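Colleague: Below you will find the structure I want to go over with you.
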Amino acid sequence: MNGAPFKTCFFEDLVVGMRETFVKIVKNEDVIGFAELSGDHNPIHLSEHFARKTRFGGRIVHGLYTASLISAVIGMRLPGPGSVYISQSLNFRGPVKIGDAVAISVEVAELIQKGRRVRLHCECAVDGKVVLDGEGILSVPARKGA
C-alpha cells in the first residue's frame with residue numbers, strides 16, 4: 001500500500017462517497033503463493049501450456065486472489081484496522097493476468113447506525129476495465145467515548 005502503513009477510520013469518521021484506491025501489480029510469485037495457501041492448483045493458474053489452450057490464451061490469476069486485494073484495502077485503509085467483514089458479494093467480470101496492474105477501490109455507499117455497519121461498493125479494474133465488483137458489509141468500531 002502506498003503512504004502510511006494503515007489508516008483507521010472510526011464509524012463517526014465515515015461519510016458516504018469516501019473512497020480509497022490502491023494499485024497492485026500481480027506477480028507470478030503471488031499466484032504461486034496463493035495456490036499454495038488456498039490449495040487451488042488449477043492449471044489455468046499455474047501452467048502456461050495448459051492455459052494457452054483455454055479461451056483466455058494464457059494463465060489467469062485466481063479470482064479469489066483478486067478479491068483478497070479488496071480485503072487489503074478494507075483492512076488497512078478504508079475503514080482500516082478494527083473493521084470486520086459481515087459479508088461480501090463478488091461478480092467476476094473479466095480475467096486478471098500475471099503482470100496486470102489491478103486498481104482496487106472501495107467506496108462508502110451507505111452508513112447504518114444500528115451495529116455501526118457500513119456498506120461498501122468494491123471494484124477491481126485493469127486498464128480501466130472492471131474485472132471484479134461487489135458489495136461488502138462491515139462492522140466498524142466507534143471512536144472511544146462516542
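Colleague: With respect to the numbered conditions (1) modelled with pLDDT of 95 or more; (2) touching a helix residue (DSSP H, G or I) at 6+ places or on another chain (Cβ under 9 Å); (3) not aromatic (F, W, Y), which one is the sole condition not fulfilled by E110?
Modeller: So E110 meets the others, but not (2).
Colleague: Quick one: in segment 38-91, which of the residues that are assigned to a loop (DSSP other than H, G, I, E, B) and among the β-branched types (V, I, T) is farthest from I25 (Cα to Cα)?
Modeller: Of all residues in segment 38-91, those assigned to a loop (DSSP other than H, G, I, E, B) come to 39-42, 47, 52-62, 77-83, 89-90.
From what is left, the residues that are among the β-branched types (V, I, T) are 54, 60-61.
Working: T54: 23, I60: 13, V61: 12 Å.
Per the criteria, the residue is T54.
Colleague: Quick one: how many residues across segment 7-31 are surrounded by 13 or more Cβ atoms within 10 Å (Cβ to Cβ) and in a loop (DSSP other than H, G, I, E, B)?
Modeller: Number satisfying all stated conditions: 7.
Colleague: Given the criteria touching a strand residue (DSSP E or B) at 6+ places or on another chain (Cβ under 7 Å), of a type outside the set (S, T, N, Q), under 18 Å from V126 (Cβ atoms) and at pLDDT 95 or above, does G57 qualify?
Modeller: Numbers: touching a strand residue (DSSP E or B) at 6+ places or on another chain (Cβ under 7 Å): no; of a type outside the set (S, T, N, Q): yes; under 18 Å from V126 (Cβ atoms): yes; at pLDDT 95 or above: yes.
Answer is no for this residue.
Colleague: Any chance segment 32-43 includes a residue that's surrounded by 14 or more Cβ atoms within 10 Å (Cβ to Cβ) and under 13 Å from the mean Cα position of the chain (by Cα)?
Modeller: no
Colleague: Which residue pairs have Cβ atoms under 7 Å apart, sit 6 or more places apart or on different chains, and have a first residue in segment 32-59 that is under 19 Å from G99 (Cα atoms) and a second that is among the hydroxyl-bearing types (S, T, Y) and surrounded by 13 or more Cβ atoms within 10 Å (Cβ to Cβ)?
Modeller: F34/Y65; I44/T54
The values are calculated or read from the model by the stated rules, or taken from the named source; none is laboratory data. These figures come from a predicted structure and were not determined experimentally. Ideal geometry is used to build each Cβ from the backbone, glycine not excepted, and the neighbour counts take in all protein chains shown.
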